[in-house]
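The values are calculated or read from the model by the stated rules, or taken from the named source; none is laboratory data. Treat the numbers as computed from the prediction; the structure is a model and nothing was measured. Note that each Cβ is placed from the backbone with ideal geometry, even for glycine, and that neighbours are counted across all protein chains shown. The protein model used for the area step is the full one, side chains on, heavy atoms only, and it has no ligands, DNA or RNA in it. Shrake-Rupley method; radii C 1.70, N 1.55, O 1.52, S 1.80 Å.
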Protein chains: 2
Amino acid sequence: MARSAHTAPGTAGTTPASDAGEAGSGGLRERKKRATRQALQQAAVRLFREHGPGAVTVEDICAGADVSPRTFFNYFTSKEEVLVPWDRDTIDSTSTRVLERPPEEEPLEVARAVLGEAIGTAMNGPTWRDQAVVLRHHPELIEKIVTSFRTLEASLAEGFAARLGRTTEDVYVRLLSATTITTLRVSVQSWQDSESDESLRHYLDETFERLRQGLRPNELG
Amino acid sequence: MARSAHTAPGTAGTTPASDAGEAGSGGLRERKKRATRQALQQAAVRLFREHGPGAVTVEDICAGADVSPRTFFNYFTSKEEVLVPWDRDTIDSTSTRVLERPPEEEPLEVARAVLGEAIGTAMNGPTWRDQAVVLRHHPELIEKIVTSFRTLEASLAEGFAARLGRTTEDVYVRLLSATTITTLRVSVQSWQDSESDESLRHYLDETFERLRQGLRPNELG
DNA sequence: CAGATCGGTGCAGCGACTGCAAAAATGCAA
DNA sequence: TTGCATTTTTGCAGTCGCTGCACCGATCTG
């Protein structure tokens, strides 16, 4: 979510001098918070996968994670938010990653690279596989987490605005950000639906190449 | 909504031999249903605009439309669905409109024409202006009606699949449908946000031209 | 160890949304 | 007009997502 309504126990200040690493850094509180969040997410995704999201209540999830139902909403603003594949760090770093790409690189190429990284990071998360299964079997849920796509889009737009010397309200910046995020969505979905074992990379390459050619119906498949 | 969960009093069978016109055609039932639906929508949009969507309950809306609260959900599946700018007819006809475009026309051009018609129809609706105001002041609500964009996208995809001799699962068909819907969204939003009195048509032309050029950062603005 | 801070919890409540079955409105034909 | 079938409206009761608030206990800081 863009700006969460809660005090959002997790997000206030990043740990001081935190190595961008992964180990159990930070104080005891930090670690416990991470543990709680992860427990909730894993319990939720597992239950979603087993019984279908509609049949799982927040109460069930919290029972599975061994916390109070009230606590769930200290971490997620909605039941379905546990399915969001990228975390705040990924989203925030997106705008700077756009800036760090080689200056001569074309915008489309920048987007492909940066979004490729983002989804790659997501795929390394502990719940990616289950999240993907759930979303594939219940495509309606994608609508519920569309907000997370928009925050990524916004971060991307920030990066492009800075990179191109324009504003985030600029039509070209908006169009670029919005269509490439959409392209990411299409790529992931096509990849998930495919029986073949083509890599996601393959789909990303195809879709972005199509975009680059102005969506003309030409040669390939 | 794609398939509404309800018996959906409105949608079962279109009036037999209904002229695609607009007058109060059909039997008494048909007319009353249309009236009820419109009363609900107008009351809702007006209240949303006056007090903000968060401060308006379904009960309020139904009081304004003089029907039982239960009835609201016979017509809309969620409170926010009253903000959807296109109706079922528009969505359904989209796929055939795609097929009816001149055969030599390029896909992008087809999309621009068909979506331009769709949004044009929407703008002629009695609640368009207020809907636009509400959505402009409360962009979060767009997420709530994203499903309606997806149904339009699906209809578009059907048309392109037929037109191009491919399937709706084809990556190119998906990409084409998804990105052009996104482009429509960007155009409308930019148009709404602009102070100038450029026509929506102007924004549609610019964004689709950008798309056609492979989203390259060139000359213009 | 004392006080400040912060996450976890219970509670009480609002409001969206649903299924069900009775009631009212409408359509149709005798 | 009357009777019957069909469709829409309504009330009711209930589930569940989600929130504000106030309290408690764990953690941190000095």
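Quick rundown of the values:
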read-out	value
Residue match in the stretch A:139-150 (condition: more than 16 Å from DNA strand D (Cβ to nearest atom) and out of contact with any Lys or Arg (no Cβ under 8 Å at 6 or more places or on another chain))	yes
Per-region count, the stretch B:66-96, residues in a helix (DSSP H, G or I), away from DNA strand C (no atom under 16 Å from the Cβ) and closer than 24 Å to B:ILE142 by Cβ	8
Evaluation of B:GLN131 against (1) within 13 Å of DNA strand D (Cβ to nearest atom); (2) surrounded by 15 or more Cβ atoms within 10 Å (Cβ to Cβ); (3) not aromatic (Phe, Trp, Tyr) (one fails), failing number	(1)
Looking only at the stretch B:29-62, and only at residues there that are away from every other protein chain (no Cβ under 14 Å), open to solvent by 70 Å² or more (accessible area, probe 1.4 Å) and closer than 23 Å to B:ARG129 by Cβ, the one that is nearest to DNA strand D (Cβ to nearest atom)	B:ARG37
Any hit, the stretch B:97-109, residues being away from chain A (no Cβ under 11 Å) and in contact with a Lys or Arg (Cβ under 7 Å, 6 or more places away or on another chain)	yes
Residue check, A:SER190 touching a helix residue (DSSP H, G or I) at 6+ places or on another chain (Cβ under 6 Å), facing chain B (nearest Cβ under 7 Å) and within 20 Å of A:ILE145 (Cβ to Cβ)	yes
Odd one out for B:LEU215, checked against (1) outside any helix (DSSP H, G or I); (2) more than 7 Å from chain A (Cβ to nearest Cβ); (3) crowded, with 18+ Cβ neighbours inside 10 Å	(2)
Residue satisfying condition, being over 15 Å from B:VAL171 (Cα atoms), buried (at least 16 other Cβ atoms within 10 Å of the Cβ), of a type in the set (Val, Ile, Thr) and in contact (Cβ under 8 Å) with a residue 24 or more places away in the chain, within set A:THR207, A:THR183, A:THR151	A:THR151
Search result, residues across the stretch B:73-86 that are within 16 Å of DNA strand D (Cβ to nearest atom) and over 11 Å from B:PRO53 (Cβ atoms)	B:PHE73, B:ASN74, B:TYR75, B:PHE76, B:THR77, B:SER78, B:GLU81
